[in-house]
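One structure below.
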Amino acid sequence: MSAAPPFTLVGARIWDGASAGYLDGADAVVVADGRIAAIGRAGRLIRRGEAIDVGGRAVLPGLIDCHVHLCLDPSILDPQAQSRGNDDDELAAMGARAESMLRAGITTARDLGGGRFLELSLRDAIVRGEARGPRLLCAGQPVTSPHGHCHFWGGEAADAEAARAVIDRQHRRGVDLIKVIATGGNLTRGSRPREAQYDEATLAAIVAYARELGYRVASHCHGTAGIRASAAARVTTIEHCTWLGEGGSGSDYDPEAAATLAANGVWVSPTINSAWRRHIESNDARVARIGANFAAMRAAGVRLIASTDAGIPNVRHSDLPAALPIFARYAGLTPVEALRAATSHAAQALGIENETGTLEVGRAADLIVVDGDPLSDLACLASPHAVIKRGQRIL
Ligand SMILES: [Zn+2]
């Protein structure tokens with residue numbers, strides 16, 4: 001992709017993605033060749049290109065959604081009814097979703113599954129500058145048991161040997177990570193979210209093989225048995241992590257499994273979208289239970305990353321900025337902690353912390369400019385004043 005012309009943002013309050021507050025003694029960011037060339041006082045650093053005065057607005061890293069599905073149309077309620085169009089039509093629809101993400105300030109996203117590898121084509125088209133969208137990391141077809149959750153995406157494997165063949169196929173297609181379905185899921189008919197899909201030894205063998213090929217592993221888990229097996233197998237991230245028991249969501253929290261998550265450095269990606277607001281408003285009993293589980297996980301040292309599962313019914317791909325305040329409410333996070341989960345910590349979990357997630361010299365120039373004070377009120381993320389990805393100005 002040809003590099004955008006250099007420019008210098010001035011008059012900025014800069015949050016770097018990690019610090020407790022805005023940077024002292026810095027109000028300007030120099031962007032050149034798609035990267036951050038300098039951060040400092042406008043009067044002292046060497047400006048490049050046009051000076052853009054952001055008028056005292058906050059400048060922070062672009063957001064990272066750690067769990068999306070670009071192939072899913074959120075207006076279609078049954079995922080098995082999706083993906084009937086030809087590849088060109090599908091890619092056009094996915095491109096529009098990707099562009100909507102970018103406009104919302106999401107400059108990186110991890111795509112956790114599809115059946116036709118079209119999200120990989122979109123990923124590459126974005127890198128080449130032929131399509132607009134976030135930097136994408138793609139899992140391709142999730143490894144799942146026969147008729148298991150998301151089996152319709154083509155990654156069925158009854159045992160470790162079959163799973164290795166599925167992983168080899170993802171590898172040949174050029175995925176960025178491997179996703180394994182450790183428990184049933186809600187959107188697949190006949191699937192039981194509480195039940196583990198693989199025994200511990202099989203799951204461990206699947207994860208070990210993916211690791212051998214150099215991949216990080218995302219593990220879909222609702223029921224506690226799947227969380228326990230995934231924690232022991234040292235997956236990279238646990239998706240959903242619902243602690244689903246007979247009493248419903250959050251009713252089967254296991255302190256030992258949480259301790260293993262922490263000890264093994266496994267990140268939890270709880271896929272909380274903005275629609276969860278309604279549970280808070282209705283004062284659902286689950287809210288207190290889920291909140292208590294988050295408090296216990298955090299006390300145990302489990303690290304959290306932000307994710308929405310965008311693409312599932314009624315969750316638009318641009319949901320993350322609206323979801324973050326809800327995520328913060330459930331998980332008991334300060335705005336700064338929630339923002340780290342969507343920037344620097346997300347980048348660490350995805351293994352791209354040397355590329356994005358923080359505002360530092362040499363990183364990709366992925367940043368958003370927002371009105372108000374996001375470090376005290378996440379609501380101001382909802383309508384960014386500007387979005388810049390790899391040095392390209394989007395809004
Ligand atoms: Zn998902």
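The values are calculated or read from the model by the stated rules, or taken from the named source; none is laboratory data. Everything quoted here is computed from the prediction, not taken from an experiment. Note that each Cβ is placed from the backbone with ideal geometry, even for glycine, and that neighbours are counted across all protein chains shown. Heavy atoms of the whole protein, side chains included, go into the accessibility calculation; ligands, DNA and RNA do not. Shrake-Rupley method; radii C 1.70, N 1.55, O 1.52, S 1.80 Å.
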Tell me, please, whether a residue that is modelled with pLDDT of 95 or more, β-branched (Val, Ile, Thr) and open to solvent by 10 Å² or more (accessible area, probe 1.4 Å) can be found in segment 260-270. yes
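Table: residues versus (1) more than 22 Å from ASN293 (Cβ to Cβ); (2) at pLDDT below 95; (3) open to solvent by 10 Å² or more (accessible area, probe 1.4 Å).
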residue	(1), (2), (3)
ALA322	yes, no, yes
LEU350	yes, no, yes
LEU359	yes, no, no
ILE368	yes, no, no
GLY372	yes, no, yes
GLY391	yes, no, no
LEU395	yes, yes, yes
Would you be able to say whether some residue in segment 87-102 is within 16 Å of the ligand (Cβ to nearest atom), modelled with pLDDT of 95 or more, under 16 Å from the mean Cα position of the chain (by Cα) and not charged (D, E, K, R)? yes
Has segment 289-309 got at least one residue that is out of contact with any Cys (no Cβ under 9 Å at 6 or more places or on another chain) and within 16 Å of the ligand (Cβ to nearest atom)? yes
In segment 55-86, residues that are surrounded by 24 or more Cβ atoms within 10 Å (Cβ to Cβ) and away from the ligand (no atom under 14 Å from the Cβ) total 6
Looking only at segment 120-134, decide whether some residue is touching a Phe, Trp or Tyr at 6+ places or on another chain (Cβ under 8 Å) and in contact (Cβ under 8 Å) with a residue 24 or more places away in the chain. no
Condition check for GLY154: within 19 Å of GLY185 (Cβ to Cβ) and free of Cβ contacts under 8 Å to residues at least 40 places away in the same chain: yes
Identify, from the list LEU375, LEU359, the residue that is outside any helix (DSSP H, G or I) and more than 19 Å from ASP53 (Cβ to Cβ). LEU375
Considering only residues of segment 222-243 that are assigned to a loop (DSSP other than H, G, I, E, B) and free of Cβ contacts under 8 Å to residues at least 40 places away in the same chain, which is nearest to the ligand (Cβ to nearest atom)? ALA233
Could you check segment 293-304 and list, in sequence order, the residues that are in contact (Cβ under 8 Å) with a residue 12 or more places away in the chain and either assigned to a helix (DSSP H, G or I) or not charged (D, E, K, R) (or both)? ASN293, PHE294, ALA295, ALA296, MET297, ARG298, ALA300, GLY301, VAL302, LEU304
Within segment 47-60, how many residues are part of a loop (DSSP other than H, G, I, E, B) and more than 20 Å from GLY105 (Cα to Cα)? 3
Out of the residues in segment 189-221 that are within 16 Å of the ligand (Cβ to nearest atom) and aliphatic (A, V, I, L, M), which is surrounded by the fewest Cβ atoms within 10 Å (Cβ to Cβ)? VAL217
Close pairs from segment 378-395: first within 21 Å of VAL336 (Cα to Cα), partner assigned to a helix (DSSP H, G or I) and of a type in the set (A, V, I, L, M, F, W, C), Cβ under 7 Å, at least 6 apart: LEU378/LEU324; LEU378/ALA328; LEU378/ALA338; LEU381/LEU324; ALA382/ALA322; VAL387/LEU102
Of residues in segment 19-46 being closer than 27 Å to ARG123 by Cα and assigned to a loop (DSSP other than H, G, I, E, B), the one least open to solvent (accessible area, probe 1.4 Å): GLY34
For segment 107-132, name all the residues that are under 21 Å from ILE368 (Cα atoms), within 16 Å of the ligand (Cβ to nearest atom) and of a type in the set (A, V, I, L, M). ALA109
Among the residues of segment 305-340, write down those that are of a type in the set (A, V, I, L, M, F, W, C), more than 21 Å from ALA96 (Cβ to Cβ) and not in a loop (DSSP other than H, G, I, E, B). LEU324, ILE326, PHE327, ALA328, ALA331, VAL336, ALA338, LEU339
Any idea how many residues of segment 171-188 are away from the ligand (no atom under 16 Å from the Cβ) and touching a residue at least 24 places away in the same chain (Cβ under 8 Å)? 3
Going residue by residue through segment 244-265, is there one that turns out to be within 16 Å of the ligand (Cβ to nearest atom) and either under 20 Å from the mean Cα position of the chain (by Cα) or among the charged types (D, E, K, R) (or both)? no
Based on this model, can you work out whether ASN283 counts as over 19 Å from the mean Cα position of the chain (by Cα) and either away from the ligand (no atom under 16 Å from the Cβ) or not hydrophobic (A, V, I, L, M, F, W, C) (or both)? yes
